[in-house]
1. Can you tell me which residue among Phe140, Phe184 is buried (at least 17 other Cβ atoms within 10 Å of the Cβ), at negative phi and not aliphatic (A, V, I, L, M)?
2. Consider only pairs whose beta carbons are under 7 Å apart and that are at least six residues apart or on different chains; among these, list those whose first residue lies in the stretch 140-165 and is farther than 16 Å from Arg98 by Cα and whose second residue is part of a helix (DSSP H, G or I) and among the small types (Gly, Ala, Ser).
3. Which one of these is exposed (fewer than 13 other Cβ atoms within 10 Å of the Cβ) and either under 19 Å from the mean Cα position of the chain (by Cα) or over 18 Å from Phe140 (Cβ atoms) (or both): Lys60, Lys52, Lys76?
4. What about Ser173, is it under 21 Å from Lys118 (Cα atoms), polar (S, T, N, Q), loosely packed, with under 14 Cβ neighbours inside 10 Å and out of contact with any Asp or Glu (no Cβ under 9 Å at 6 or more places or on another chain)?
5. When you go through (1) part of a helix (DSSP H, G or I); (2) touching a residue at least 24 places away in the same chain (Cβ under 8 Å) one by one for Leu169, which number turns out not to apply?
6. So which pairs qualify, if the first residue must be in the stretch 66-84 and touching a residue at least 60 places away in the same chain (Cβ under 8 Å), the second must be surrounded by fewer than 18 Cβ atoms within 10 Å (Cβ to Cβ) and aliphatic (A, V, I, L, M), the Cβ gap must be under 9 Å, and the two must be at least 6 apart or on different chains?
7. Going by the structure shown, is Ser86 under 19 Å from Asn119 (Cβ atoms) and of a type in the set (Ser, Thr, Tyr)?
8. Which count do you get for residues in the stretch 194-210 that are surrounded by 14 or more Cβ atoms within 10 Å (Cβ to Cβ) and either touching a Phe, Trp or Tyr at 6+ places or on another chain (Cβ under 8 Å) or assigned to a loop (DSSP other than H, G, I, E, B) (or both)?
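None of the figures in this text is laboratory data; all of them are computed from the coordinates on show. Source: prediction; values computed, not measured. Every residue, glycine as well, gets a Cβ built from its backbone with ideal geometry; the counts of neighbours run over all protein chains shown.
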Amino acid sequence: MQENIQQNQLVDLENVIKSDSTQKSGRPRSESSRRSILDATRRLLTHNSVQKLSIEAIAKKASVGKTTIYRWWPNKSAVVIEAVFSQPAFNNVMPTPRNAVQGVTMQLDKLCRQMNGKNGRLVAEIIGEAQSDPESLKIFINTYLQDRYNTLSSYIDGGKQTGEFSNKLDTDSAIDVVLGPVFFRLISGQELDDAFIKDMTTMLIKALRA
């Protein structure tokens, strides 16, 4: 998975370079319009599902033309993903952990709390939309999931080196063990509550040490 994600990043970087080159020769993009579009998208999502939201509705709410939106984003999912994950509630800034166990524990706790309640509903809807759109799935991975994946990979590899975790662990598989139950609960509509976080953390650390 790590290799696939890294390959996706390279492809995205090439696309960004091409996009930037195209933009320079066209009409300049307005930062104020961009902010208006993101704000309009967030406000619409308080009363609409991701699936029912449309570019037309976003453009009307932001008082811009659809072409203005497409100057910034390739499709609706890309607008939604940036509007949702650019909010402070979804940042992945954490204190420096004392050790690998604490690092994995903090990342799991933060991930669960970010995706509980209303925010979790939005993330589940974004994932649902992305299943039929490879481009949207790639944007979701690069915008949100990649950073969490890299953080967990760093902690797990560090734990293998210090002896906190088994050195026989396959890091990619270990990350699947961390993320799998969280996203299963998310898409099945279950709560990511304190009880789940506590039980999941206990079982996870035991598995990583085995």
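1. Numbers: Phe184 fails: buried (at least 17 other Cβ atoms within 10 Å of the Cβ).
Within the list Phe140, Phe184, the selection yields Phe140.
2. Between residues of the stretch 140-165 that are farther than 16 Å from Arg98 by Cα and residues that are part of a helix (DSSP H, G or I) and among the small types (Gly, Ala, Ser), the close pairs are Phe140/Ala130.
3. Numbers: Lys60 fails: exposed (fewer than 13 other Cβ atoms within 10 Å of the Cβ); Lys76 fails: exposed (fewer than 13 other Cβ atoms within 10 Å of the Cβ).
The unique qualifying residue is Lys52.
4. On the way: under 21 Å from Lys118 (Cα atoms): no; polar (S, T, N, Q): yes; loosely packed, with under 14 Cβ neighbours inside 10 Å: yes; out of contact with any Asp or Glu (no Cβ under 9 Å at 6 or more places or on another chain): yes.
It is false that Ser173 is under 21 Å from Lys118 (Cα atoms), polar (S, T, N, Q), loosely packed, with under 14 Cβ neighbours inside 10 Å and out of contact with any Asp or Glu (no Cβ under 9 Å at 6 or more places or on another chain).
5. Unmet condition: (1).
6. Note: pairs meeting the criteria are Asn75/Ile55.
7. Values: under 19 Å from Asn119 (Cβ atoms): yes; of a type in the set (Ser, Thr, Tyr): yes.
Yes: the conditions hold for Ser86.
8. Number satisfying all stated conditions: 1.
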